Amino acid sequence: MMSACSSEDTALNNSPAQQQGRKVHFTATIAAPNSGAGTRTEYTEDTENKKITVAWKVDDEIALVHDKVMDVVKVKTVNADGSATITGTITVGTNGEAVTAYYPAAAIELNNDKNPVPAAAYTANLLAQDGTLSYIASNLDLRSGESTIAVDGDKATLSDNVKLASQIAIWKLTLLDSNETELKATQVKIKSGSDELASTTELSPGASTVYLAVPAATGNICISATTADNDYFYMKEGVALETGKYYQSTVQMTKGAHLAFLSADYVAKNGATLTGTLARNVKISIADGATVTLKDANINGSGTWTDGYYAGITCAGTATINLEGTNTVKGFINTYPGIYVPEEKTLTINGPGSLKASTGGTHGSGIGGIHWGSCGNIKITGGTITAEGGAAAAAIGSGNASSCGDITITGGNVTAIGNINDNWRGVGIGCGDGYSADSNRAKCGNITISGGTVTAIGKNGGVGIGSGLYGDCGTITITSGVTSVTATKGSGATNSIGAGDGGTCGTVTIGGTVYWNGSAYQNGGGTYLTQSPYEYSAPPALTLTTPAVGQVIGSDGKNYAAGASLPTGVTKVAMIAYVNGSNGLAIALADESGNMDWATAKTTCEAKTPAFTGGTWRLPSLDEWKNMLTYDGFFYTNNNLQTALSTAGGTSLQEWMYYWSSTDYVSDNTQACDVEFQIVAGNGEANFSNESKTYTSGMLVRAVLAF
């Protein structure tokens, strides 16, 4: 990162001894400076040799501090060889007493104990630089060296050589963005931990190259830059800034902020990245409309009711958070969420990283709202998300006695745990508790889960997904696009998915099936989702590759050769019996259990498992029976079909028995067509007939999977 050229220490020439107790004339010669980084007042940059050369200037003031006295002398002349003659009147102490020389004199003052300390104005200048060498030369070229005083009558000089060492480093920074384009910074700061080492004032117009005087520092250094439209940072570990050195660095900066170096409230703008661990209780916000990346960010504040009462991250409006690495966000105090979403606005969270978002205590959500404060819409499209809510709140959704907008999950691996303190009700996904049946009811918009893996856990009477006590939830829709949804109710709760005690919920639809429409106390009208945990797994996609008659279909939705070994955990469920282009039929490997009437046969086939996305189980029509029976060119014979079923690991169709078709008998709609398999002269033969739809005796069912 850095290249440097050391400044050489400068000798201060000297001469004989002194007498004590009076003002005496002082004179000495200071040697000509060599190439260095800050040991004189006029700087010239030698870009070819990567160094700064310096020179004395007439009337430069130098402080001599000895025996708790400070005298000021001046440069009288700059000699032809570059050396300077300094002169003035000083107070004589004891002969041979120690003296420290400081340049410039204005940078030093004596404190109440008469000891030298940097002047307040000098310290302020470190944080008010203009980014130029001339400013450093005029305001920040602090250096010092030790010697002794010698007196000869009424004259004094320095008795031995003295090396004047610079107390600053000079750092030339060339600032680039992530595209290696020069940044026009309006302000630049350098920090070490919480200490601000150096800073510019507002630079107008912005500058892409700045010079900063910096005190000595070791450890992690953060350079931050502000432009007209955003903030940038660069963090380097293990930096050692040595005084008297000249550093030149080209730094490629990241848009955003490093949390460890923030010392004031911060608003992340569009495109910003937040990384590192927040070291101080400062409020972190996301600007309205901004997309921000959390990259290995850790926000875990500990505010009080007089200082730091806010969420871990406060969205000022609609926002998008992209996750990289591992991230943790926690509310600063009770009732506040990990991430707050303002009312009527939308927060979208994307992967691929992870996020743990927790309330600051009781009554706040993990992601969503605060106690007594409504929140907006929450959308999760990816990432590994763990949300933890407080008592009477939802992990994802509203806080206690408050409302939230719609909650939509389209992807990712999401775990929502209500009431992590385990001392009251808590909802996994939805709305928290209200205060009574008549007023202050908590509310939640519609909950839609159409992708990803979701686990929602209620605690102590709270539902997994839905409304809390005296809470009102909109519709709950779980589509077949999800991988799985698991909802667990807390002890004493009625439902895993739906309404909490005294609460209401709209229509609950899972995988296209309506399970519930009404309140928790309705009579009839649907199936209550009371099982705990309630588990739903989406059917696998039926993805056949070059399907051919005789192949088997596994429970994973893929096709395999009849004699092939299937992957571990995959079972055979059907055999392909007819193919027409990319479409066809696969016949189940076994009959459905029991004799059935026609209507029961149809519904049994339609509900057959495992279900597949992109395929449909059904009772075969008469034409579909004929297609399967003639696949090998032998019209209405079934021996080859029987043989293929056996090879595929299935059971043969039963002989001298009747199998329902889904086709109505043309002459009488109270009857349906069927197929009878017989043995005639050693060959199988299929006869087609019809039977009353209510007839059950000897009526068998074999389902087909249409693709």
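Summary table
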read-out: Glu606 paired with Arg280, simple spin-label distance in nm, labels 7 Å along Cα-to-beta-carbon; value: 6.7
read-out: Full-extension gain in nm, Lys572 to Arg618, via 0.36 nm per residue minus C-alpha separation; value: 14.8 nm
read-out: Amide H within-cut-off set for Gly256, under 5 Å, with H built and near neighbours excluded; value: Asp231, Tyr232, Phe233, Thr273
read-out: Net charge of neighbours whose Cβ lies under 12 Å from the Cβ of Tyr234, counting Lys and Arg as +1 and Asp and Glu as -1; value: +1
read-out: Cα→Cβ-extended label distance, 7 Å offset, between Asn300 and Thr132, nm; value: 4.8
read-out: Under 12 Å from the Cα of Lys68 - aspartates and glutamates, other chains or at least 8 residues apart; value: Glu97, Glu109, Asp113
read-out: Least to most buried among Trp656, Trp424 (fewest other Cβ within 10 Å first); value: Trp656, Trp424
read-out: Distance (nanometres) between label positions extended 7 Å along Cα→Cβ at Leu176 and Asp113; value: 4.9
read-out: Segments 253-261, 22-30, 401-409 sorted - mean Cβ within 10 Å per residue, highest first; value: 401-409, 253-261, 22-30
read-out: Rounded if a/c under 1.5, otherwise prolate or oblate - the range 262-537, Cα gyration tensor axes; value: prolate
read-out: Estimated FRET transfer efficiency when R0 is 45 angstrom, pair Lys163-Ala228 (beta carbons, to 0.05); value: 0.50
read-out: Mean Cα-pair separation over length for the chain, i.e. relative contact order, pairs under 8 Å, 6 or more apart, %; value: 6
read-out: Pairwise FRET efficiency - Ala564 versus Asn669, Cβ, R0 = 60 Å, nearest 0.05; value: 0.85
read-out: Net lengthening on full extension, Ser689/Glu146 (0.36 nm per residue, minus Cα-Cα); value: 183.7 nm
read-out: Ranked Met628, Met70, criterion: other C-beta atoms within 10 Å, fewest first; value: Met70, Met628
read-out: Extension reserve of the Lys50-Ser484 stretch, reckoned as 0.36 nm per residue once the Cα distance is removed; value: 150.0 nm
read-out: Burial order of peptide ranges 378-391, 266-279 (average beta-carbon count within 10 Å, highest first); value: 378-391, 266-279
read-out: Scaled radius of gyration (Cα, divided by 2.2 N^0.38 Å) that the range 552-706 gives; value: 1.01
read-out: Cross-link pairs Lys191/Lys356; Lys356/Lys379; Lys379/Lys558; Lys76/Lys114; Lys236/Lys295 - those with Cα-Cα distance over 22 Å; value: Lys191/Lys356; Lys379/Lys558; Lys76/Lys114
read-out: Neighbour-count order for Ile136, Ile465, Ile476, fewest beta carbons within 10 angstrom listed first; value: Ile136, Ile476, Ile465
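Bear in mind that the values in this text are calculations on the coordinates, not laboratory data. The shown structure was predicted, so the numbers you read here are calculated from the model rather than taken from an experiment. Glycine gets a Cβ as well: all are built from the backbone with ideal geometry, and neighbour counts include every protein chain shown.
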